[in-house]
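K.L.:
Pasting in a structure now, in structure tokens, and then I'll have a few things to ask.
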């Protein structure tokens, strides 16, 4: 039998659960793209986006996924032959690195493995060695969705400042924007990349690049028409916001999502909710791990993302658990990503749980509850008291 | 702070959670009501409804809520002056009784209190005393949503058969249809009343009356135009199905809900899911009650509804808990109903949890999880191991 | 080939075209029916409904179609044996008459045929003959959707006043509310019946009965539980508004529709739009009729409904035209109703065009345009200049 | 007063009217992007897209608007320094030219003005002069949405073949795909670019590049990560279809739109509908022009797009007419584009009417009808019989 018939719950690390209000906002007739409701609305959208990114800088909106936003950011910052330092803590920093490389940049990648954040000392050593300032950009992810590690972005800025290194600091916040605290201006980030489908609770299809005047001043002449961030950030005509036809329905969806953030009490309230929910999940993971094979990929809570937690079991139990909770309980967990060769037996150890966006206490407890059922059903040992531990964290609200 | 921002979860005893597919089915242009898609569809709807009700008898669909369906059933079965025996096990049997009374019936009500099912022996005594067969209808609810008790319908039929009493057996399945096992024909039920918004996962607005040939033969001439079940069950023209304009959007919604039941594996699969989920909830309630004030209203699991559980705490903790889980966790529980004077301090002890319709394992575990958080936050004592106990029942799936 | 692929356009005399906003308003999770958003909203809904009905009297909302609202009104005004005078101008007055009759009323029906309004002189004669005031209610439709005639409601009141006859004046505005000017209080109407699916642009499923203190004072004790308008109009508890579970989704739909009426500029603006659109349609019908068989059922424009126009062609051309515009052009017209025996060859002469509710100038011109195409394609003669004549009326806006 | 309250009708040259079914298809929970319904569906989507494009070649889907698809096509075909011949017949060919230029191509633009198609003789002369085959691509639009001219694509292929010129033939079908007949393979087109929001009836946000083996073989190494068409056309992993996260909701929308095309009878039926509707519109435009200032931009019907018609009036009557039909009648027409300096008095002469996608006979006749009303209301002279002329074309269906 199955107990899955009810609301499906997608707890992968993005796309996240779409709010009914956001879906309703997309359920509308096509608007005029030259004047009227759409044009009026977009004028107010950009400031609200910047507020979520905590920047007074510039914002360019792209019809693209996160990979497109990566390419947009790269196209506007490096020219062929420029050197780029990538501080890799998982698959996604590596992915962005490939985008830079395809644009002709010379890549210097420091790999911190799959369970650690950036080691600032090593980053400092590398930058200090670049006495000629050939490195034009230092690239990192805030949260790597594959490992669920969180990097110390202000620490990176401090390293650059200490060395007086002029490289741009470029951060991928695709999985962290509107989830983990992030302060673009206060932290001295020059370029930040994000997308719609995670903390912003909008279907995949919009990418965002935020940049400051310093980055703007370095824009190479090689930036392509579509990726050029200048007209998007300072359009003379409405269509320039989007380099052509506006993504009409997504924009109304994003407007609704931003309204929901405001109604919740603003971005700090959203951050606080995510932190509490993440801590509840970790309390359960910790307790289960005391009596069984479950381990969180990142041992130190201070280094963990509030958006997603990467986990491992033994044998093929990661995959078995995912299958069980989906088929029996209506919960879809994320596959492990970048931890082992896809399709290899090793890959079946891993899984991830997304806890970002439109998620509240009963959803989180429901996901944890049926994971415990899965352990029980599959004979995977687990420590006691996990759900109560999570419930107690929720009780602090 | 609040952890409620995410999908709201309405766990009251109806209306139940509406599936996205059902809502989508209602999101359509108005159809022609004389020919075409709507007319074609309704022809197949009625047999599927009967299959869910387990009857080869007749079905009449009303644009009405459950109270309307009560009145429809009453109008087609009794005339002014007829005697009706109501076997009351909570507020809803009493409510139906009032409807009969307003139509001029003479009511004989046996009240079995708020924590017990019908005592068949007492029912037998009452019927045996009716040697002149003045009682034209024996009326009961299958599940009373206020007390969450489940009555023994085949047992009632056996009493009538034993006595050779010709009264119609009329059962309210508003809260049990497509939740608890019910066999209209096999159990010898003559008239059954249901509604759209509970197990049938369709917004409130449709009421159903199922009846057999025996009941049809007794229809009084006093049945009103709107309530008359004959043209609705055997229409010569399409509009007669609905005594006028068809409830267009609800019908497409109901069609989708019936399709979902079929896709799950039919009504037996739906029953099995509800039973397992109810047992999981009870396991948690039982465990919590071992170390605190929580009590289920119906002590014997065999007498409990699979659709809703009525519970009590002490003091005003029922209301405090409801408020906490709604404001902090996004879960809405039901108020106690009919257990105490509305608005009285006593009323604040009670609450109910609906677990009917479009509900699966993670939803149930999520509701239970945040109830435990509520106990913790509010300082309400509770026994240990409740969530694990529920998870273990789910694991049997 | 077909040119029907595009937005279907349902121009039958109800249900009318559902606005996207109304459908969106129904696309929502089930709300709590004891407190919160739904309860808060309904408090404001009733005054807005009354404003549309132009009354300071009482309003009772029913989960029902128009036939249900008929029965509600009848149940609250007559007792078995009461005499009711029905002034019939088409199928719907006759229909209401049957509802009264089934409740035990003695019916006196004056039939004014299918092409004429009520003859006030004949009505006066009948009432004057009732010296004993046995007639308890005078019943008429404002607009009969079958004939599209409009009756002189203030004239009826004047007759009653002249005679000092105390009968209740009961008017069916199902097809005219929020379409044709109607002033319940100013015109001295005691009971008015309406429904959701025409001028109110909400799917079928809600019926309304408005009544004044005079009508309230005459309520018979025989009113049934479900139809009793007293608790619905003056509820002590929220559920009494609806005699049980609220029609949750329809209420949000109706709220949106009432907001749309307000945004248009209020009910007078809505009336003015319907009048202009009706006059545009009539200009075309008139011109076509100059050179072909088309005739409007009601010759005098002052007696025509603004909601629907009943038309006739010759032979089976009514049906042929309906089929052609639906299959080739995506427009669905209404069948003739009550003009000939259903299924008879004669019935194929007739058709009706609804022009009520969410309809604007391009929709009306589109319907007229493809009717002219249909004439052309089917070889039905038609006079010239019809579309230009309609366009000129629109140009007056 | 206004007669605009009803369904808004957007008759601009894209985005086109979104079908309810397409919007419903987007109204769904976020799907898993690694396996399940989305992944299964996309496998069938690509062949159906190719069928609409009439090619057995390759298809790459981009999250992008048409400008993004332009850049994708350009990135995969030219390297910096390559020469590109652009045959410009309006603003959009010029726009694509800028995209090529920004990628470093050397542009040779032949401008055929704003009222003429490509002159094949001049194209031949230019290509014949390129004896060294420096021209790597010949670029044109099938339909230019600004001028509404249609170019002779097979004629262009014939010129290239006659000269034995190896340049790629690259065609923009953004406004013509699924509207005007187009045969990618039969016409020898090497690269074709399209987008979702016009004939494909899906909100803006998807761009498409179709290419054959010849084009694939010439892909430069400079193609960027995001634009590289190879993994999108031949993905090893699902995410490669979209260069990262899939545009989940748009894909379900597109699936529905393709289903609607199939249900209509396939792409030929869609073409035939558009041709008939365009001819009906032209019949009205022609007739109005006989007695007033209205002129179609393209005089020869054989050279006109079936998707959009560019028109001119005198003085500022283009803008006045657009305003009138929107404010009074609920119809939104398109502004003139590229015909005069934006904001200049001259620009107010022009307007365009889109007649593409989800459009049927009553919609078209409705748009024409209220344009005639606008002429009347604004005192713009117009010839007689226009609407009847259009209706007669519709009657041929």
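K.L.:
I'd like to check something: does segment C:111-124 contain any residue that is at pLDDT 95 or above, buried (at least 21 other Cβ atoms within 10 Å of the Cβ) and closer than 22 Å to residue C:217 by Cα?
P.N.:
no
K.L.:
Which is within 8 Å of chain B (Cβ to nearest Cβ) and free of Cβ contacts under 8 Å to residues at least 40 places away in the same chain, of C:71, C:98?
P.N.:
C:98
K.L.:
Do we find that residue A:361 is touching a strand residue (DSSP E or B) at 6+ places or on another chain (Cβ under 6 Å), at negative phi, buried (at least 22 other Cβ atoms within 10 Å of the Cβ) and within 9 Å of another protein chain (Cβ to nearest Cβ) in this structure?
P.N.:
So residue A:361 fails the test.
K.L.:
Test residue A:104 against the criterion of being within 14 Å of another protein chain (Cβ to nearest Cβ), at positive phi and surrounded by fewer than 23 Cβ atoms within 10 Å (Cβ to Cβ), and give yes or no.
P.N.:
Criteria met by residue A:104.
K.L.:
Pull up segment B:231-250, narrow it to residues that are more than 10 Å from every other protein chain (Cβ to nearest Cβ) and touching a residue at least 40 places away in the same chain (Cβ under 8 Å), then point me to the one that is farthest from residue A:1 (Cα to Cα).
P.N.:
B:238
K.L.:
Find all pairs meeting these conditions: Cβ atoms under 6 angstrom apart; at least six residues apart or on different chains; first residue within segment C:310-339 and away from chain D (no Cβ under 14 Å) and at negative phi; second residue part of a helix (DSSP H, G or I) and buried (at least 23 other Cβ atoms within 10 Å of the Cβ).
P.N.:
Partner pairs satisfying both residue conditions: none exist.
K.L.:
Now for a separate question. Counting just the residues of segment B:73-91 that are part of a helix (DSSP H, G or I) and under 20 Å from the mean Cα position of the chain (by Cα), which one comes out surrounded by the fewest Cβ atoms within 10 Å (Cβ to Cβ)?
P.N.:
B:91
K.L.:
With the condition kept exactly as written, say whether any residue in segment B:125-134 is exposed (fewer than 15 other Cβ atoms within 10 Å of the Cβ), touching a helix residue (DSSP H, G or I) at 6+ places or on another chain (Cβ under 7 Å) and not assigned by TED's automatic domain parsing to the domain that holds residue B:356.
P.N.:
yes
K.L.:
Regarding segment A:338-346, can at least one residue be identified that is over 30 Å from residue A:261 (Cα atoms) and part of a helix (DSSP H, G or I)?
P.N.:
yes
K.L.:
Out of D:172, D:119, D:180, report the one residue that is closer than 25 Å to residue D:278 by Cβ and without any contact (Cβ under 8 Å) to a residue 12 or more places away in the chain.
P.N.:
Answer to the check: D:119.
K.L.:
From the list D:377, D:310, D:281, D:340, pick out the single residue that is in contact with a helix residue (DSSP H, G or I) (Cβ under 8 Å, 6 or more places away or on another chain), at pLDDT 95 or above and closer than 30 Å to residue D:178 by Cα.
P.N.:
D:281
K.L.:
Next up: Have a look at A:125, A:94, A:131 and point out the one that is part of a helix (DSSP H, G or I) and farther than 29 Å from residue A:279 by Cα.
P.N.:
A:125
K.L.:
Taking segment C:364-381, which residues are buried (at least 24 other Cβ atoms within 10 Å of the Cβ) and either under 30 Å from residue C:258 (Cα atoms) or more than 7 Å from chain D (Cβ to nearest Cβ) (or both)?
P.N.:
Of everything in segment C:364-381, those that are buried (at least 24 other Cβ atoms within 10 Å of the Cβ) and either under 30 Å from residue C:258 (Cα atoms) or more than 7 Å from chain D (Cβ to nearest Cβ) (or both) turn out to be C:364, C:365, C:366, C:367, C:368, C:371, C:374, C:375.
K.L.:
Separate question: Read through the list (1) more than 14 Å from residue C:225 (Cβ to Cβ); (2) away from chain C (no Cβ under 12 Å); (3) outside any helix (DSSP H, G or I); (4) in contact with a helix residue (DSSP H, G or I) (Cβ under 8 Å, 6 or more places away or on another chain), then give the number of the only condition that residue B:62 fails.
P.N.:
Among (1) more than 14 Å from residue C:225 (Cβ to Cβ); (2) away from chain C (no Cβ under 12 Å); (3) outside any helix (DSSP H, G or I); (4) in contact with a helix residue (DSSP H, G or I) (Cβ under 8 Å, 6 or more places away or on another chain), the lone unmet condition for residue B:62 is (2).
K.L.:
Still on this structure, I have one more. How many residues does segment B:1-13 contain that are within 13 Å of chain A (Cβ to nearest Cβ) and part of a loop (DSSP other than H, G, I, E, B)?
P.N.:
Result for segment B:1-13: 8.
K.L.:
Then there is this: Only residues that are surrounded by fewer than 23 Cβ atoms within 10 Å (Cβ to Cβ), assigned to a loop (DSSP other than H, G, I, E, B) and touching a residue at least 24 places away in the same chain (Cβ under 8 Å): list them for segment A:18-27, please.
P.N.:
A:19
K.L.:
Any residue at all in segment B:40-61 that is farther than 30 Å from residue B:265 by Cβ and surrounded by 23 or more Cβ atoms within 10 Å (Cβ to Cβ)?
P.N.:
no
K.L.:
Keeping to segment A:28-52, report how many residues are within 12 Å of chain D (Cβ to nearest Cβ) and either outside any helix (DSSP H, G or I) or touching a residue at least 60 places away in the same chain (Cβ under 8 Å) (or both).
P.N.:
10
K.L.:
Sticking with this structure for a sec: Kindly check whether there is at least one residue in segment A:79-97 that is in contact with a strand residue (DSSP E or B) (Cβ under 8 Å, 6 or more places away or on another chain) and within 30 Å of residue C:19 (Cα to Cα).
P.N.:
no
K.L.:
Right, another one. Condition first: more than 28 Å from residue A:308 (Cβ to Cβ), touching a helix residue (DSSP H, G or I) at 6+ places or on another chain (Cβ under 9 Å) and within 14 Å of chain B (Cβ to nearest Cβ). Can you find one or more residues in segment A:14-26 that meet it?
P.N.:
no
The values are calculated or read from the model by the stated rules, or taken from the named source; none is laboratory data. Quick caveat: nothing in here was measured; it's all calculated off a predicted structure. Ideal geometry is used to build each Cβ from the backbone, glycine not excepted, and the neighbour counts take in all protein chains shown.
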